[in-house]
Structure formats: C-alpha cells, structure tokens
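Visitor: Sharing a structure below in structure tokens format, with a few things to ask.
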Amino acid sequence: MDIDEIMRTTWANRRYLPAPVPGEVIYRVLDNARFAPSGGNRQPWRVVVVTDAARRRQIRDLYLTVWRPYHAGLNAPTSDASHRTRVSRTSLTAVDAFAKAMHQVPVHLVVCVELAQLQLTDSALDRVSIVGGASIYPFIQNILLASRAEGLGAALTTLICRCEPDIRELLHIPASFAVAGLVTIGYPAEPIPRRLTRNTVEEFTSVDDFDAAPLTGSAEA
C-alpha cells in the first residue's frame, strides 16, 4: 500500500470480527514497527502479545474498573466547556461498547517501556512531562500503521496505564518497565474508511510565530 493512503486511512477501530489473527501477521506488524525512531536508538519497548481468552477477559475487567468512572465523568454536567471538547455522545457510546467487549478482540498488545531508557528533558518545567513518550509512542504509531497495511483494525488506549500495578501482576511485568498503552488488533467488523475527518494544515500551523498566519499550500484535503 502507498504510505499516503495508509496514513490517511488509519483510524481507531473499535468494532472487530471474532476471527483470530494469524501469528505470522502479528509478527510482520511488529517486525515493521520495530524500525520506529527512539532517542539514541535505545529501542526501550517490550510487547506482551496476549491472545489467551482468559487473560484478555482479565484485561477487560481491569480496564472497566477505570473506564466506568472515567466515562461517568465525561457524562457528568460541567461548566467547563473544554472538559467535553470533541467528545460527542455518539463517540462515547462507541467507546463504551468497545470497553465492554474488549475481551472479544483477538489480540491485545500490552506495550511496555523500560524506565531507565527514558530521558525526561522537560522534567524541570512547571507542567506535566510529555517528553518521555517520545521514545515509545512512535513505535506504537508504527504498530497502528503496520496493522492498517495488513488490512487489520487497531486502537490505542492509554487508560489501561491506570491499572499498571494489576496489569504488572497479571502479566509478570518487572518493576523496571512501565505500561505505555494497550493496542487492540483484529479484523474490522466495518468497512475501512476511505476518508477520515481531520483539521486542515491551515488550522494547526503558523509560520515563524505562534500568532502568525498559517502555512498554506495546494495539497489535496
């Protein structure tokens, strides 16, 4: 597949067929994803590929313990408009159904990162650190793109990180690793979208100054 098509049609899939995904397909996904960039080429990732039905159900049960209060908070009345930004009722319904049926997704990739390999260059700033993810989330994005190239649907959720102690115990993850996210993979139950809705380049760029005019061009929307 053309890389432009892959990037423009890689979506967060939340409805899956029950059909198993062959091990060789998952191997190809990870074999391609491993070429993601990381600081100093440290490659700090470790992936637990979970296909066992009982363990997938346990992961679902743990996920629901954090999803339910999170979902309730999103539905709660609030005067803070930013709290509900881009969260439509339709989206919430789809994600809620995904959470409840997560155990039915045939492959769970629990992506871990080696803590000693992270370089938090923004840790001294008066805000939450975001730099640590730079050495792990490009790898996860490669997993999503490689899955799309194989005709698979995939979705990343980081809410699972709130369950890290329990996930660590379930999968025997050592304390030197953190849980960076859960990627669900399977054959999509709905047609792959031909076109995704995203902001235009003009909506998220500016040239030379944050308040300046946006970058413009003639590329196809």
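The values are calculated or read from the model by the stated rules, or taken from the named source; none is laboratory data. Source: prediction; values computed, not measured. Cβ: placed from backbone, ideal geometry, glycine included. Neighbour counts: every protein chain shown.
Visitor: Please enumerate the residues belonging to the stretch 148-177 that are over 12 Å from the mean Cα position of the chain (by Cα) and of a type in the set (Ser, Thr, Tyr).
Guide: Passing the criteria: only Ser176.
Visitor: Still on this structure, I have one more. Could you please find all residues in the stretch 46-93 being aliphatic (A, V, I, L, M), over 21 Å from the mean Cα position of the chain (by Cα) and modelled with pLDDT under 90?
Guide: If the condition is that a residue be aliphatic (A, V, I, L, M), over 21 Å from the mean Cα position of the chain (by Cα) and modelled with pLDDT under 90, then Ala72, Ala76, Ala81 are the ones that fit.
Visitor: May I pose another question? Taking the stretch 16-25, which residues are more than 13 Å from Val49 (Cβ to Cβ), at pLDDT 95 or above and surrounded by fewer than 16 Cβ atoms within 10 Å (Cβ to Cβ)?
Guide: Leu17, Ala19
Visitor: Of the residues in the stretch 187-202, how many are surrounded by 17 or more Cβ atoms within 10 Å (Cβ to Cβ) and touching a Ser or Thr at 6+ places or on another chain (Cβ under 9 Å)?
Guide: Number satisfying all stated conditions: 0.
Visitor: Those residues that are under 20 Å from Ala101 (Cβ atoms), at pLDDT 95 or above and not hydrophobic (A, V, I, L, M, F, W, C), I need them from the stretch 182-204; list them, please.
Guide: Thr184, Gly186, Tyr187, Pro188
Visitor: Here's another thing I want to ask about it. Assess whether Ala54 counts as being among the small types (Gly, Ala, Ser) and either crowded, with 18+ Cβ neighbours inside 10 Å or in a helix (DSSP H, G or I) (or both).
Guide: Yes.
Visitor: Does Val179 fit the bill of being among the aliphatic types (A, V, I, L, M), touching a His at 6+ places or on another chain (Cβ under 9 Å) and at pLDDT 95 or above?
Guide: For Val179, the condition - among the aliphatic types (A, V, I, L, M), touching a His at 6+ places or on another chain (Cβ under 9 Å) and at pLDDT 95 or above - is not met.
Visitor: For the stretch 1-36, name all the residues that are of a type in the set (Gly, Ala, Ser) and part of a loop (DSSP other than H, G, I, E, B).
Guide: Ala19, Ala36
Visitor: For Thr158, state whether it is modelled with pLDDT under 95, of a type in the set (Ser, Thr, Tyr) and surrounded by fewer than 17 Cβ atoms within 10 Å (Cβ to Cβ).
Guide: Answer is no for this residue.
Visitor: Look through the stretch 26-45, keep the residues that are crowded, with 16+ Cβ neighbours inside 10 Å and over 13 Å from Gln141 (Cβ atoms), and return whichever of them is nearest to the chain's Cα centre (by Cα).
Guide: Across the stretch 26-45, the extreme among qualifying residues is Leu30.
Visitor: Another one. Please determine, by comparing only the residues of the stretch 141-163 that are in contact with a strand residue (DSSP E or B) (Cβ under 7 Å, 6 or more places away or on another chain) and without any contact (Cβ under 8 Å) to a residue 60 or more places away in the chain, which one is nearest to Ser176 (Cα to Cα).
Guide: Among those that are in contact with a strand residue (DSSP E or B) (Cβ under 7 Å, 6 or more places away or on another chain) and without any contact (Cβ under 8 Å) to a residue 60 or more places away in the chain, it is Cys161.
Visitor: Here are Glu169, Glu190, Glu202, Glu164: which of them is acidic (Asp, Glu) and touching a Lys or Arg at 6+ places or on another chain (Cβ under 7 Å)?
Guide: Glu190
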